[in-house]
Amino acid sequence: ISEREMIDTLKFLVIAFVILPLLPNTYIGPFHVFNPYQIWLMVVFISGISYAGYIAMKIIGPEMGLSVTGIMGGLVSSTAVVTAMAGRVKESESVLKAAVFASVVASSMMFFRILFEVMVINPSLLTLLLPPLFTMGILGISLGLTLLRTPHENVKSEVKLKNPFSLRPAFIFGALFMIILFISKAANNYMGNMGVYAAGIVSGVADVDAITVSMALLSKNNMISSYTAITTITLASISNTLVKLGIAFLLGTKNAIQSFTKVFEIL
């Protein structure tokens, strides 16, 4: 455990057990969507999920293969995994299959992460949200497995995953979460469901967690319908997946791009 990791761990404990209990649990501001306690609770929740994935990777060790990197890295940042894998393939195409598998599995883990977030925040959405996201997650992993039918080199992982909790990312997520809450509610009031869907697609480009918890909370508080929340979360997850395809396209080699594209097109 490095000194930096120890300091960031103490920061996480402070924001979770010192700051959070002091915040007021009341709705304020336009449309009454801002609740300081709920917003900071979501910051703690999302940071906690990422932190758990980071610890798991630390326990497994830095010598893990790329396949395991995809599974565990998807709990921290699937975008970071795809970016790193595209770079690895550009350096050496001998790791192409393992790198594509790691990227696809990491992206597929995102769907399960979304389901977990919704299950904790608003379980009532799971009935309709489970079929599409679970199907996309399982399909992605299954398609990734088809790339491993032939032996491949079990190379070392070089994915640079920063400690998932530091104050700056936490504040950025909190600010993004508040903005999405406001925009989603305003779009629903003035533009109807189509406005919320558009907000979900755009938000998914940057961060799928923020739009997921926003929709789950808005639906739980009866500010939008369950159907609108489910559709928006699904669109955001697809938008985020397409962004990762773009990353693979820009950073990978020609062969890597073709492999990424075939799998992601099916997803």
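The values are calculated or read from the model by the stated rules, or taken from the named source; none is laboratory data. It should be emphasised that the depicted structure is a prediction, and the values quoted were computed from it without experimental measurement. Note that we place each Cβ from the backbone using ideal geometry, even for glycine, and neighbour counts take in every protein chain shown. These area figures cover heavy atoms from the full protein model, side chains too; ligands, DNA and RNA do not enter into them. Shrake-Rupley method; radii C 1.70, N 1.55, O 1.52, S 1.80 Å.
Summary of computed values
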read-out	value
Burial ranking of peptide ranges 97-103, 238-244, 187-193, 222-228 (average Cβ count within 10 Å, highest at the top)	97-103, 238-244, 222-228, 187-193
Within segment 171-209: backbone nitrogen closer than 20 Å to the Arg4 label point (7 Å, Cα to C-beta)	171-173
When each of Lys58/Lys90; Lys11/Lys185; Lys58/Lys220 is checked by Cα-Cα distance, pairs over 29 Å	Lys11/Lys185; Lys58/Lys220
Accessible area in the full protein assembly, largest first, 1.4 Å probe, for Glu3, Glu117	Glu3, Glu117
